[in-house]
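A quick write-up on the structure given underneath.
Every number here is computed from the coordinates shown, using simple stated rules; none is lab data. Model, not experiment: these values are computed from the prediction. Cβ sites come from the backbone with ideal geometry, for glycine too, and all protein chains shown count toward neighbours.
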Amino acid sequence: MAGEAAELLRHYVADRWQTPEDEGTPLHHAATGEEIARVSVAGIDRAAALDHGRRVGSPSLRALTFHQRAALLKALGSYLREHRDALYELSIPTGATRGDAMVDVDGGIGVLLGYASKAKRELPNDTVYVDGPVEQLGKGGTFLGQHIATPLHGVAVQINAFNFPVWGPLEKLAPAFLAGMPTLIKPASPTAYLTARLVELIAESGLLPDGAVQLICGPTGDLLEHLTPQDMVSFTGSAATAQKVRSHPAVVRNAVRCNVEADSLNLSVLGPDAEPGTSEFDLYVKQLVTEMTVKAGQKCTAIRRALVPAWHIDAVAEAAAERLSRITVGHPADTDVRMGPLVSLEQRDEVRRSLKALLDAGSVVAGDPESVEVIGADADRGAFVSPVLLRADDPDRAEPHQVEAFGPVATLIPYTATERAIELAARGEGSLAGSVVTADTGFARDMVLGVAPWHGRLLVLDDTDAGESTGHGSPLPALVHGGPGRAGGGEELGGMRAVLHHMQRTAVQSSPEVLRAVTGRWVPGAARSVTEVHPFRKSLAELRVGDTVIGGPREVTAGDIAHFAEFTGDTFYAHTDEAAASANPLFGGIVAHGYLVVSLAAGLFVDPDPGPVLANYGLENLRFLTPVKPGDALTVTMTCKQIIPRTDADYGEVRWDVDVTNQDEASVAKYDVLTLVAKEIGS
Ligand code: NDP
């Protein structure tokens, strides 16, 4: 874009690129100040975009199973990975060095791929999510309860911050898409051109169903006014804007789900044990400087408050200052540069204002709040600042706990005892991420339990996990990203938790047969069908939920038990020593091994010849309910409970309900057997 007339950003609405009707307002290169793009929403119909998402995107996504959606996410992640150079290139004007761009771009792609693979393991190949166990609501078992989750029929609206123009949209898109909700992306204006390029790539991939993703750049305008009870909003940005979004009349009136990530005075605590010279001391200082300077400190998870034992504060200050002196600031395309500019001159002014407030309560340890030396750029035209480490010798001053300078700024704060550190941590009034650097597990426990209520994520770093640690500032798809209070009170990511945020949980009360029809799973009390053909001889295409095999009875003899004990080496007294077993208050005599019961049951239900069943890959929820004594006769009832075809293999998973009963029809063991079964005979 540089050197040419700046491009007017287009919007992707109703599966078409639309150009606004006026010239728009300019967006500037973070390092050079030159105009990089223009943004306007003149003539763009936000209500129509929401309507299109509901009418077109939502039904087409809901028609897909979780596994089909996961396969599309995976394909999209791979496509974006192939085209990521375009995104790196356009990250430079946002102020991002190559390292920063990788955090944003590769991090975002990683979320897509991470969610795709998790979904295949943790979600069914179905359109309904069954949440928790069946609840028996009446004594006779004819009236059951089951929680299910189904996708909301609206649009997941994202309002994003400027600092992660790629990761931000993708980390919100992945769980919404998996849940079956279309997304409308509203990027922050300063870096909207990079998000627009991302959406161009998504559209060019042709992978996603119509209406699944839309983009409207520029001011939010009247977007929120058109929200309905089935839409939701995920917001990242300042606490002040979050408050406006949350209290918007349409959001309040329609109880629109609103997830917020806002300001956060994240802390990092150095343990008292981590003296200068220890690995933990070095890890602490290194991490502090990394967090201050990656993305020029414009990370919602960056360390703002560095709590250190009062007697080590001079040593930490000295070591951090030494490291910071090696941070080169300048044009993000220059490979000698370690830290680029802030996103805009407005943000530079904002950081300077916040620094002034922080300086009222502290002194400068490293860096220059007024000026900065830069490489390859003009310090005044670009939004450059020096990394600044402050020191607040009075930990009770409010400023370091309240003022977030959204840049390369952190404050050292002394503490004298564990309780004091916990109390100071709470003064941040809620944070996204915290870290404790210590080799003392007792201190780690006290700190984690003491500050957990104020945090969404806590990293405990020591010499043993540092090599694999993903670091203080990195949200991960599998772990919750969000925090209470000042941090917005929201929750993103966290594996399948975030998918469920986009779905309605409903308690269904019904007969077993209705529950089976609704969930596609056999439940106790629903009809079983014992067919002539053994279910193990049926392919996935032929097998039906409810297909049952009954085997037995088979008497368990004293000889069986003695043989099993000797054969396996499990000579536990309850199976081998009549006198000792008689004294056992639960058994009152020799009993069969639980594993013998399970093994005998397998012998009763199995069909031995080669066929569509490829493997047994486990048991779940195994419980031994009644002791089995010599002379008892076992019967096994095995019922096909759930059929899960895999989208990328010619076999699928079958979950079987197994109930082993004795001659009195009492259950002696219950469990689920998991098998892999071919989709077609001979496949
Ligand atoms: P804002 O809160 O101003 O903007 C965040 C998003 O909200 C942008 O997409 C913005 O659009 C949009 N927006 C602005 N006004 C409204 C409104 N009235 N209704 C609905 N949406 C609106 O944050 P900034 O990006 O300007 O950053 C300001 C400060 O926020 C930073 O200095 C930092 O302290 C904090 N911040 C916190 C982050 C976090 O993750 N915790 C991330 C980024 C910033 P537009 O850009 O078009 O105005």
Exercise. Over segment 578-628, what relative contact order in percent results from Cα pairs under 8 Å that are six or more residues apart?
Worked result: 35
Exercise. Can you give the three extents of the C-alpha atoms in the chain along their principal axes, from longest to shortest, in whole Å?
Worked result: 90, 62, 45
For this session: Using just the helices of the chain, give the 222 nm mean residue ellipticity in deg cm²/dmol: DSSP H runs with n ≥ 4 each add -39,500 (n - 2.57), and the total is spread over all residues, rounded to 500.
Result: -9500 deg cm²/dmol
Problem set entry | Across Lys244/Lys295; Lys120/Lys641; Lys74/Lys172; Lys244/Lys356, pairs whose alpha-carbon gap is larger than 25 Å | Lys244/Lys295; Lys244/Lys356
Exercise. In whole Å, what is the distance between the alpha-carbon centres of segment 644-662 and segment 87-153?
Worked result: 23
For this session: Using the charge dipole of the chain (Lys, Arg: +1 at Cβ; Asp, Glu: -1 at Cβ; taken about the Cα centre), state which of Met638, Phe281, Gly168 has its Cα farthest towards the positive end.
Result: Met638
Seminar exercise, completed: For Lys641, Lys295, Lys286, Lys118, ascending order of other Cβ atoms within 10 Å (fewest first) is Lys286, Lys118, Lys641, Lys295
Problem set entry | Contact order normalised by residue count of the chain, Cα under 8 Å, 6+ apart, percent | 12
Seminar exercise, completed: The answer for the per residue Cα convex hull volume of segment 590-661, in Å³, is 99
Exercise. Just going by the charge dipole of segment 286-386, with Lys and Arg at +1 and Asp and Glu at -1 on Cβ, which of Gly382, Ala302, Ser344 is farthest out on the positive end?
Worked result: Ala302
Exercise. Non-local amide H neighbours of Ser234 (under 5 Å, H modeled in plane, Pro and chain starts lacking H): which ones?
Worked result: Val157, Gln158, Ile159, Asn259
For this session: Rounded, prolate or oblate: pick one for segment 298-370, where a ≥ b ≥ c are the square roots of the eigenvalues of its C-alpha gyration tensor, a/c under 1.5 means rounded, and failing that, prolate if a/b is larger than b/c, else oblate.
Result: oblate
Exercise. Treating the beta-carbon of each Lys and Arg as +1 and of each Asp and Glu as -1, no other charges, what is the dipole magnitude of segment 347-471 about its Cα centre, to the nearest 20 debye?
Worked result: 260
Exercise. What GluC sites (Glu not before Pro) in segment 512-616 are in a loop by DSSP, with at most 11 other Cβ atoms within 10 Å of the Cβ?
Worked result: Glu532
Exercise. In segment 187-328, what percentage of the DSSP-assigned beta bridges are antiparallel, given to the nearest 5?
Worked result: 0
Exercise. About the Cα centre of segment 53-107, what is the dipole size in debye to 20, counting +1 per Lys and Arg Cβ and -1 per Asp and Glu Cβ, all else neutral?
Worked result: 540
Seminar exercise, completed: Taking Rh as the Kirkwood radius computed over alpha-carbon pairs of segment 188-327 and applying Stokes-Einstein at 4 °C with viscosity 1.567 mPa s, one gets a diffusion coefficient in µm² s⁻¹ of 69
Problem set entry | Cα-based Rg / Dmax (Å) for segment 529-683 | 17.4, 56
Seminar exercise, completed: Sorting Phe624, Leu614, Trp656 by the position of each Cα along the dipole of segment 594-665 (Lys, Arg +1; Asp, Glu -1; all at Cβ), the one nearest the positive end of that ordering is Phe624
Exercise. For segment 44-168, what relative contact order do you get, as a whole percent, if you take Cα pairs closer than 8 Å and at least 6 residues apart?
Worked result: 32
Problem set entry | Rounded to 5, percent antiparallel among DSSP beta bridges of the chain | 60
For this session: Please report Met292, Met232 as a ranked list, fewest other C-beta atoms within 10 angstrom at the top and most at the bottom.
Result: Met232, Met292
For this session: With a ≥ b ≥ c taken as the square roots of the eigenvalues of the C-alpha gyration tensor of segment 254-390, please select rounded if a/c is under 1.5 and otherwise prolate if a/b is larger than b/c or oblate if it is not?
Result: oblate
For this session: List Glu280, Glu275 from most exposed to least, where exposure is judged by having the fewest other Cβ atoms within 10 Å.
Result: Glu275, Glu280
Seminar exercise, completed: Measuring from its Cα centre, the chain shows a charge dipole (+1 at each Lys and Arg Cβ, -1 at each Asp and Glu Cβ) which, in debye to the nearest 20, is 1820
